[in-house]
1. Being within 21 Å of Leu44 (Cα to Cα), under 18 Å from the mean Cα position of the chain (by Cα) and not aromatic (Phe, Trp, Tyr) is the requirement here; does Val154 meet it?
2. Answer yes if at least one residue in segment 128-148 is of a type in the set (A, V, I, L, M) and touching a Lys or Arg at 6+ places or on another chain (Cβ under 6 Å), and no otherwise.
3. Kindly indicate whether Val93 is β-branched (Val, Ile, Thr), buried (at least 18 other Cβ atoms within 10 Å of the Cβ) and on the phi < 0 side of the Ramachandran plot.
4. If I ask for residues that are aromatic (Phe, Trp, Tyr) and either over 9 Å from the mean Cα position of the chain (by Cα) or assigned to a strand (DSSP E or B) (or both), which ones from segment 21-45 would you list?
5. Which of (1) part of a loop (DSSP other than H, G, I, E, B); (2) among the acidic types (Asp, Glu); (3) under 30 Å from Arg178 (Cα atoms) does Asp79 not meet, given it meets every other one?
6. What's the total number of residues in segment 145-194 that are charged (D, E, K, R) and touching a strand residue (DSSP E or B) at 6+ places or on another chain (Cβ under 8 Å)?
7. So the check is Cβ under 6 Å with 6+ separation or different chains; which pairs have a first residue in segment 172-184 that's free of Cβ contacts under 8 Å to residues at least 60 places away in the same chain and a second one that's among the small types (Gly, Ala, Ser) and in a helix (DSSP H, G or I)?
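Only the coordinates and a few stated rules stand behind these numbers; no lab work does. Remember, predicted model here, so these are calculated numbers, not experimental data. Cβ placement follows ideal geometry from the backbone for every residue including glycine, while neighbour counts extend to all protein chains displayed.
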Amino acid sequence: MHPNPAFRVEDRARNIAFARDRAFGVLAVPGAEAPLLSHVPFLLDQEGQVAEMHLVRSNPIVRALERPQPVRIAVAGPDSYVSPDWYGVAEQVPTWNYVAVHLIGVLELRPQAELRDLLDRQSAFFETRLAPKPPWTADKMAPEALQRLMRMIVPCRMRVDEIQGTWKLNQNKDEAARLGAADQVGGADFGSETRALSALMRKV
């Protein structure tokens with residue numbers, strides 16, 4: 001995470017809520033030559049203690065999970081470049097504002113018998129975001145087709161031992177400079193979810 005403590009948010013509840021809402025991140029697992037990475041949707045429990053996910057059986061991470069592995073999931077939020085011209089203050093330098101939460105712990109394979117329940121809970125969690133659309137459920141699939149697809153994936157569970165949050169929102173600038181930058185970030189559309197980032201910068 002960012003070395004400047006001004007940008008580190010220790011509010012566990014806030015970091016958990018952010019990670020639970022995003023529910024998608026980059027899973028990093030130690031590898032022989034370099035870390036193994038995979039982009040994964042996940043479910044994080046209310047207490048931020050357990051993250052559940054599934055992986056394609058052919059993913060190299062699955063082979064690495066012959067025994068539990070120390071892992072990290074990096075959950076990214078809105079981000080954008082910030083031009084020094086936007087502060088209205090001299091002697092500034094460019095930077096990049098962003099939000100990121102890391103889940104750190106141990107990942108293990110789970111019995112295949114747990115997969116259907118995990119998939120049902122995952123799809124229910126995501127489908128609720130699409131209301132008023134009637135939610136999709138696995139019952140809409142032919143049982144043979146569902147079983148064929150389920151044989152290709154495996155359930156995993158992560159014990160979350162630590163949660164770290166970086167909310168880099170120009171907290172180190174005075175209010176006028178920060179708000180000036182927030183105005184420009186929201187309209188520049190250079191980055192990801194810049195309007196959301198602009199709103200966060202205003203709330204600091």
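1. Working: within 21 Å of Leu44 (Cα to Cα): yes; under 18 Å from the mean Cα position of the chain (by Cα): no; not aromatic (Phe, Trp, Tyr): yes.
For Val154, the condition - within 21 Å of Leu44 (Cα to Cα), under 18 Å from the mean Cα position of the chain (by Cα) and not aromatic (Phe, Trp, Tyr) - is not met.
2. Scanning segment 128-148 turns up no residue that is of a type in the set (A, V, I, L, M) and touching a Lys or Arg at 6+ places or on another chain (Cβ under 6 Å).
3. Values: β-branched (Val, Ile, Thr): yes; buried (at least 18 other Cβ atoms within 10 Å of the Cβ): no; on the phi < 0 side of the Ramachandran plot: yes.
Taking the combined requirement at face value, the residue does not satisfy it.
4. The one that is aromatic (Phe, Trp, Tyr) and either over 9 Å from the mean Cα position of the chain (by Cα) or assigned to a strand (DSSP E or B) (or both): Phe24.
5. (1)
6. So the count comes out to 6.
7. Correct list of pairs: Ala182/Ser198.
Conditions (1) closer than 30 Å to Gly191 by Cα; (2) under 20 Å from the mean Cα position of the chain (by Cα), marked per residue:
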residue: Pro84; (1), (2): yes, no
residue: Gly88; (1), (2): yes, no
residue: Val101; (1), (2): yes, yes
residue: Gln122; (1), (2): yes, yes
residue: Pro135; (1), (2): no, no
residue: Lys140; (1), (2): no, no
residue: Glu144; (1), (2): no, no
